[in-house]
Amino acid sequence: MMGEGLSEGKGERHGRVMFGGGKRKENNGDFEREKRELKSLLLLLLGFIAELPKPKPPTKLCSSIIIISLSFLCVFFSTRTMIKLFKVKEKQRELAENANGGAPIKKQSAGELRLHKDISELNLPKSCAIQFPNGKDDLMNFEVTIRPDDGYYLGGTFLFSFNVSPIYPHEAPKVKCKTKVYHPNIDLEGNVCLNILREDWKPVLNINTVIYGLYHLFTEPNYEDPLNHDAAAVLRDNPKLFESNVRRAMAGGYVGQTFFARCM
Amino acid sequence: MAETEASRSRDLDKLLLRRGNLVGPRFEPGTELRDDLQTYARVLVVGAGGLGCELLKDLALSGFRNLDVIDMDRIEVTNLNRQFLFRLEDVGKPKAEVAAKRVMERISGANIVPHFCRIEDKEIDFYNDFNIIALGLDSLEARSYINNVACSFLEYDSDDNPREETIKPMVDGGTEGFKGHARVILPGITPCFECTIWLFPPQVKFPLCTLAETPRTAAHCIEYAHLIKWNEVHGGTAFDPDNPKHMKWVYDEAVKRAELFGIPGVTYSLTQGVVKNIIPAIASTNAIISAACALETLKIATECSKTMSNYLTYNGSEGLHTKVAEFERDKDCLVCGPGVLIELDPSITLQKFMDLLEEHPKLRLSKASVTHQGKNLYMQAPPVLEEMTRPNLSLPVFDLMGKLSKDVVHVNGMTSKNDQKVSCLRKLRLVFKGVDGVTDMDTAGGA
Ligand SMILES: [Zn+2]
């Protein structure tokens, strides 16, 4: 239930410690036993952490960084122990109790900062426009309008919503197509099959790349990655029929059993 | 009574009352240390799940008395196998409240305040009241949030050295099946989450078209039901992974899908695992990781031993392997790094400030976009934002930043690196000349 994705550290393997016995803890809330186990574990851990050989840092460069940071430690933690510091802070806290707290300050996540960079460096083709429905200070939710200037979808207007996570770019933006479209790679609910939005997302990619990727879905629809199976089959087997289906859908009308609102 | 007290702290006393060769340089053994630990140390436990329950109990047994616990979840029946503070009759109650109550019932003297809410619901100041923050969380987002808050208290002096009294130590635990980690984060001294975010591998995401067209595994069937079928059927209703009815629906649909393609292996617990991206938790892993975290918390507070530096990994899947690796800080980290210190006159306009950035020897930053605490002061692009933020260019930065005597802003733009133009994102510490925050407060107090 706990951690999310743990990976092995970069350092080399060091000590190998085996706990004997293999006794498994049962969760019956027996505090006395818990207490005993904790005590022994505390001492055990204290012991083995001390005994481990000092891990080799990944590179030479970082060893010097570590030495610098260690010397920091010595310089900074030289007078008061932490607990003395806590004591001082507690006194201050009691004094400050009556004072009114400052206004809540919004702290920007690293994701927002990176997004700010992406957005301020956007370089979009004329056929793509970006809007911020919540104003200039909410960059995490925005909309992109694509008006393809080439291909089957020429003349149509397609709206996409973007939702960006606070851990962006660790996670790809979530993108939905808000315009109902007859398209092999976009389903009728607005899910988009674009590799860089899911399996091929990398933190070095950015919002510009994603918008270009979406744009290319309209100039080069692809029947090999179908989300709308029927549209993909028609594109593969009968491009002429596909073209007229796209036209009919964009003009507002039925393709088979499905109604599409006008988007031209 | 005194006798019970003595026997209760017998093991703690071995660490706190005696000298040793592993102790920190400022360690002062004695009963005063033990008493101070009980009286003054305030620790916040974030999360009251598998790891949080363990942490709360371990910390209370390690001599910490002033504890708070925050968790937004209610107890589910599936938690009971490892979240040992909870009983069948607690199902549906807030985890934080029950956990606090149970530990206080068993450990006299412990004073635990529960907070049944989201971590984002608390004001930033709430977190500043604690000396140490111990994390028992299951998501990267939540860790990143707390990290951001804890690092926001960090201040640097004019030589870019962290000011000790502003360091908010964090101890983070995480487990996944038989694997786990424990780490100590001293912002400004050891790497923060953001410095080492690459440690967390990205979640595996299947291509949507594979899910829609060519499912091959049970997980594909589950993700199809979760990501595609749910929206098709429920339209506007957002899928809620904590709603058992929603989960059951996804499970049933996944089973149908799996039957259609002849794929075995869809179970309810696999459905939960895939949808919530979780690996079944093992109680003993939680216990071990929590013990390591509680010990580190004790070491930070009392300096009865040097703290772990700085990342312990534990793997119990085959035999047992554990190691401590020392990761290094990213000195340019946007969250915990010092940033570039810039002194400004309060009358300087945003346009003039941006000109200064171009001339600044450490920055040489052109085409700057500027953001301050979630407010975009100026954006170079796209045109719609440039237009909206252009009026700010003629206003003083001091006014735009809410007349604070000092604060952090982030700028991005172009700079030269080896004669090549590269884009960069930098943190700046702005200090306004002649505007002293302390003097300001004194004046306010005197008025
Ligand atoms: Zn950092």
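The values are calculated or read from the model by the stated rules, or taken from the named source; none is laboratory data. Keep in mind it's a predicted model, so treat the numbers as computed, not measured. Cβ atoms come from the backbone with ideal geometry, glycine included; neighbour counts cover every protein chain shown. Note: accessible area is taken over every heavy atom of the protein model, side chains too, but ligands, DNA and RNA are not part of it. Shrake-Rupley method; radii C 1.70, N 1.55, O 1.52, S 1.80 Å.
Details
- Remark: mean inter-chain Cβ contacts per residue of B:44-50 equal 1, using a 10 Å Cβ-Cβ cutoff to other protein chain atoms.
- Candidate residues B:D71, B:D121: accessible-area rank, largest first, probe 1.4 Å: B:D121, B:D71
- Across B:K299/B:K323; A:K202/A:K240; A:K202/B:K417; A:K136/A:K174, pairs whose alpha-carbon gap is larger than 26 Å: A:K202/A:K240
- Taking one quarter of the surface of the convex hull spanned by the alpha-carbon atoms of the stretch A:110-260 gives a direction-averaged projected area of 8.8 nm².
- Under the Karplus curve 6.51 cos²θ - 1.76 cosθ + 1.60, θ = phi - 60°, whole-Hz ³J(HN,Hα) for the stretch B:288-300, x wherever Gly or Pro sits: 5, 5, 5, 4, 5, 5, 5, 5, 5, 4, 5, 5, 4
- Its residue count N fixes a reference of 2.2 N^0.38 Å for chain B, and the Cα radius of gyration divided by that reference is 1.15.
- Summarising the amide proton neighbourhood of B:R42: residues at separation of 5 or more, or on other chains, whose placed amide H is nearer than 5 Å comprise B:N131, B:I132.
- The residues of the stretch A:105-140 listed by number as losing at least 50 Å² of accessible area in the complex, against the isolated chain and with a 1.4 Å probe, are A:K107, A:Q108, A:A110, A:L113, A:H116, A:K117, A:S120, A:K136, A:D137.
- Computed over the stretch A:110-260, relative contact order equals 20 percent, with contacts defined as Cα pairs under 8 Å that lie 6+ residues apart.
- Rounded to two decimals, the Cα radius of gyration of the stretch A:125-207 over 2.2 N^0.38 Å is 1.13.
- Relative contact order (%) - criterion: Cα under 8 Å, at least six apart; region: the stretch B:113-172: 39
- Backbone HN-Hα couplings from phi across the stretch B:202-210 [Karplus 6.51/-1.76/1.60, Hz, Gly and Pro as x]: x, 5, 6, 10, 7, x, 4, 5, 4
- Cross-link partners of B:K403 among aspartates and glutamates, defined as those whose alpha carbon lies under 15 angstrom from its own and excluding same-chain residues fewer than eight positions apart: B:E343, B:D345, B:D436, B:D440.
- Each Lys or Arg adds one and each Asp or Glu takes one away; over the other residues whose Cβ falls under 10 Å from the Cβ of A:A129, this sums to +1.
- Taking all Cα-Cα distances within the stretch B:97-245, those exceeding 17 Å account for 74%.
- For B:204-216, mean number of other protein chain Cβ atoms within 10 Å: 6
- Qualifying trypsin sites (Lys or Arg not before Pro) in the stretch B:58-104, DSSP loop, other Cβ atoms within 10 Å at most 13: B:R87
- In order through the stretch B:106-119: 3J(HN,Hα) via Karplus (6.51 cos²θ - 1.76 cosθ + 1.60), integer Hz, x for Gly, Pro: 8, 10, 5, x, 6, 10, 10, 9, x, 10, 8, 6, 6, 5
- Taking chain B and dividing mean pair separation by its residue count, relative contact order in percent (alpha carbons under 8 Å, at least six apart): 14
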